[in-house]
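All remarks here apply to the structure that follows.
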Amino acid sequence: MIADAIQSTRDAVARGAGAGAAAARAHVPAGPRFGRLSRFFGRMGMARTTGLLTLGAVVIAEAMHMALAAVRGVTINRGMTIEIAIVATGVALPFIIYAQHVIRKLGGARRAEMMVAQRLALALGEAEQANRSKSDFLANMSHELRTPLNAVIGFSEVIRDQHFGAVANPRYVEYAGDINDSAQHLLSIIDDVLDLSRIQAGHASAQVASEFAVADVLAASARMIRPLVERERLSLTVADCPRTLRLLAPERLVRQALLNVMGNAAKFTPAGGRIAVGVALRDGGCELTVADTGVGMSPAQIVTAMEPFGRVENPLSARHPGTGLGLPLARAMIELQGGTLHIESEPARGTTVFLRFPAARVLHAVFDPPAT
C-alpha cells in the first residue's frame, strides 16, 4: 500500500512537469515583432548596415547643405561637396558603429531574458505541482502509516497492561511499554509533519475559530506539560489570567502552539530550573510569554531553531531527540491567526518566547480589578 502511494506521487510529479512546461509555453510572450526595416538591416549584417547608414547620413548632410546654400544664395562647388561628405562620414560613422554594437548587445540580452523568463515559468509550474504532489503524498502516507501504528499502539497497550491475564516473563511487559512509547512518538512526529504541511498548503485556515477563555488554555497546557516538568525536576508557574480575557481563534491551534513552546522550555532547562508562563495586553492585543532559565541560544541558533527540522545542538539535545518541528509549527499556528512568535535568548541565560495575538482576536479584554 505504501509502495502504491509512492508510485502515485511519482506519477503526479511527472504529470506536473508536463503541465508546468505547457504553462510556460502558454504564459511566456513571444519575442518582439520587429518592423520590416529592422528585419532588412538584420539580414544585411553589420558591415553593410554601417555602410548604408553612413551613406544615408552623407546624403542627408549634402541635402541640408544644398538647401542652406540655396537660401543664402551661395554657389556649391565640387570641393565643398567632398568636404561635407568627409565631415558627415567622420561624425556619423563612430555613432553608427557604436549604436549597432549596443543594439546587438541589447538584442542578445533580450533573448537571454526571454529564455530565463521561460525557464522560470517552467520551474514555477513544476514547483507548484511538486508542492501539490507533496501534500497528496503526505495525505496518502498519513492513512497508510496511521492504520498500522494504531494497531501497534493498541496491541502493545493490551500486552503492557496485561488485559487478558498476567504475562509470564515481566520483560515482555517492559518491551511492550517501549513499543508503545516508540509508536506514540512516531505518531506525534507524523502529526507534526502533517500539521505543518496543511498550514503551508493553506488548508489549516479552514479550521473554525471559536471564542474561548485564555485562562482555560493556560490551565489545560499546564496540566498536560506538568508530568514532563516534574520528570525533569523543574518548577512551573503560570500567571493568573482573568476569565474576561478571551480570544477568537481555533482553540486547538493556540493550545498546541503554547504546548510546543512550553515543551521546548522543559526539555532544554537543566534540573532545578524554572519555567514561567505569563499573559499581558499589548496595544490591544494579547501576549503570552514562556520564559525559562535553560541553556539559551545564540542569534544564529535562534535562526536554526525556527527552520523546519532545524536542530540546535546543546548539552541537553542528546537527552531529548526530536524532529525540530516544535517551534516552526508553533510560529505557523500563531501567524495563521495574524499574530507573531518572537524569541529572545542568550546562551546560559535562558529563553523567552513571545506569542502575540492581534487586537482583532481579543474579546472582552478587561482585566479584573485587583482585590482590596
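None of the figures in this text is laboratory data; all of them are computed from the coordinates on show. Remember, predicted model here, so these are calculated numbers, not experimental data. No Cβ is skipped: glycine too gets one built from the backbone with ideal geometry, and neighbour counts run over all protein chains shown.
Please arrange Arg243, Arg78, Arg356 by counting, for each residue, the other beta carbons lying within 10 Å of its beta carbon, fewest first.
Arg78, Arg243, Arg356
Nothing charged except the Cβ atoms of Lys and Arg (+1) and of Asp and Glu (-1): what's the magnitude of the dipole of segment 209-363 about its Cα centre? Round to the nearest 20 debye.
It comes to approximately 320 debye.
Among rounded, prolate and oblate, which fits segment 209-363 when a ≥ b ≥ c are the square roots of the eigenvalues of its C-alpha gyration tensor, a/c under 1.5 means rounded, and a/b larger than b/c means prolate?
Cα axes put segment 209-363 in the prolate bin.
Order by neighbour count: Leu122, Leu329, fewest other Cβ atoms within 10 Å first, most last.
Lowest count first: Leu122, Leu329.
Would you mind checking the radius of gyration and Dmax of segment 96-183 based on alpha-carbon positions, in Å?
So, for segment 96-183, Rg and Dmax equal 31.1, 100 Å respectively.
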